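The values are calculated or read from the model by the stated rules, or taken from the named source; none is laboratory data. This structure is a prediction, so every number in the text was calculated from the model and none was measured. Neighbour counts run over all protein chains shown; Cβ positions are idealised from the backbone, glycine included.
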Amino acid sequence: MRTYASVLDVERTTTAEAQHALTHAVLRGLSRRPRSLPPWMFYDAEGSRLFERITTLPEYYPTRTERAILATNADAIIAAVDGDASSSLRLVELGAGTAAKTVILLEAALRVSGAVSYVPVDVSSDALEVACQNIACALPEVRIQPVVRNYTTQPLQLTSFDGPTLGLYIGSSIGNFSPDDARAILQRLGSQLREGDALLLGTDMVKDVSTLLAAYDDAEGITARFNQNVLRRVNRELGANFDVDRFCHRALWNSTESRIEMHLESTKDQDVSIRNAALDLHFTRFETIHTENSYKFTDESIRALVGDAGFQVERAWKDGRDWYTVTLACLR
């Protein structure tokens, strides 16, 4: 088997670019009502660490459910993409995080392909460094080409590749975006693929409300800390003076939009200054900052989403309770 040296020098965006993106997001989201912040702001070093803890909580079923689906069906997934067992296979993962579940697919890829490349893409360089270290230790045969990028705002420019490419968007990350934004993300990914390439999409399904709410408001309070951490980041990076303890975590089910919403609710009237954004804000008691959506899907809405993005569903794998779906779709 051919062995590649792992690429551990993570491509980084400049501090100025990151600062500009953060400032723009804060100005745009907090200057209007209802106030909001984009979910990518969660993932500084502390936010990434807290999210990894969330994935291990008993209430948070998506991670372990998806992992079980991948573990059971990894060989079938890879065979569906690389049925001829070509000499090269590339996996490109949006929102890779620490790539804990991706190892399952990479192991299956190595069983059938002579050369496997992995391109993890994430906004968090800290998470990518962990991902690269994990993959390099577990699977030294895999060639790793990490990219630090906010793929929701910056185009992904893949190099040419001699073999099929499987685009990964697992972890139910697609649910964090509005239907229009989700479609645009998949369309941009599709524009980088070619005939014979495919998309593997992980989606959380509609289910009973009590199970959904518990997953986003755990008894230990880790999700609350994860939500509040976005204010700590604004304090640290933009010179703000948010009193984090004066904002409490709220999770609710929006049945009309088929989504869980996370908010930070002001517990009293208060003023906040964000020095580096030249922004002064007044919050009234009970006013909220909308920080995240997590859309939940049906079989019909999955087909509609991937179809509108230019893909066609080929196969789908579910858990025994139909709580979660992993869908393989090919370019049309």
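Looking across segment 98-124, the residues that are out of contact with any strand residue (DSSP E or B) (no Cβ under 6 Å at 6 or more places or on another chain), under 15 Å from Y169 (Cβ atoms) and in a loop (DSSP other than H, G, I, E, B) come down to K101, V123.
Among the residues of segment 205-238, those that are of a type in the set (G, A, S) and out of contact with any strand residue (DSSP E or B) (no Cβ under 7 Å at 6 or more places or on another chain) comprise S210, A214, A215, A219, G221. Of all residues in segment 213-224, those that are among the charged types (D, E, K, R) and surrounded by fewer than 18 Cβ atoms within 10 Å (Cβ to Cβ) total 1.
Suppose the filter is in the same structural domain as L37 (by TED's automatic domain parsing), modelled with pLDDT of 95 or more and assigned to a helix (DSSP H, G or I); does R183 pass it?
Values: in the same structural domain as L37 (by TED's automatic domain parsing): no; modelled with pLDDT of 95 or more: yes; assigned to a helix (DSSP H, G or I): yes.
No: the conditions fail for R183.
Filtering S87, S117 for residues that are polar (S, T, N, Q) and surrounded by fewer than 18 Cβ atoms within 10 Å (Cβ to Cβ) leaves a single hit, S87. Looking only at residues in segment 239-250 that are touching a strand residue (DSSP E or B) at 6+ places or on another chain (Cβ under 8 Å) and not in a loop (DSSP other than H, G, I, E, B), the one that is nearest to I274 (Cα to Cα) is A240.
Per the listing G175, G190, the residue uniquely part of a helix (DSSP H, G or I), touching a Gly at 6+ places or on another chain (Cβ under 6 Å), among the small types (G, A, S) and in the same structural domain as D308 (by TED's automatic domain parsing) is G190. Listed by first and then second residue, the pairs with beta-carbon distance under 6 Å, at least 6 apart or on different chains, first residue in segment 116-140 and over 17 Å from L158 (Cα atoms), second of a type in the set (A, V, I, L, M) and assigned to a helix (DSSP H, G or I), are D126/A45; A138/V103; L139/L106. Return a yes/no flag: does segment 253-268 have any residue that is of a type in the set (S, T, N, Q), under 21 Å from the mean Cα position of the chain (by Cα), over 19 Å from G29 (Cβ atoms) and in the same structural domain as L70 (by TED's automatic domain parsing). No, segment 253-268 contains no residue that is of a type in the set (S, T, N, Q), under 21 Å from the mean Cα position of the chain (by Cα), over 19 Å from G29 (Cβ atoms) and in the same structural domain as L70 (by TED's automatic domain parsing).
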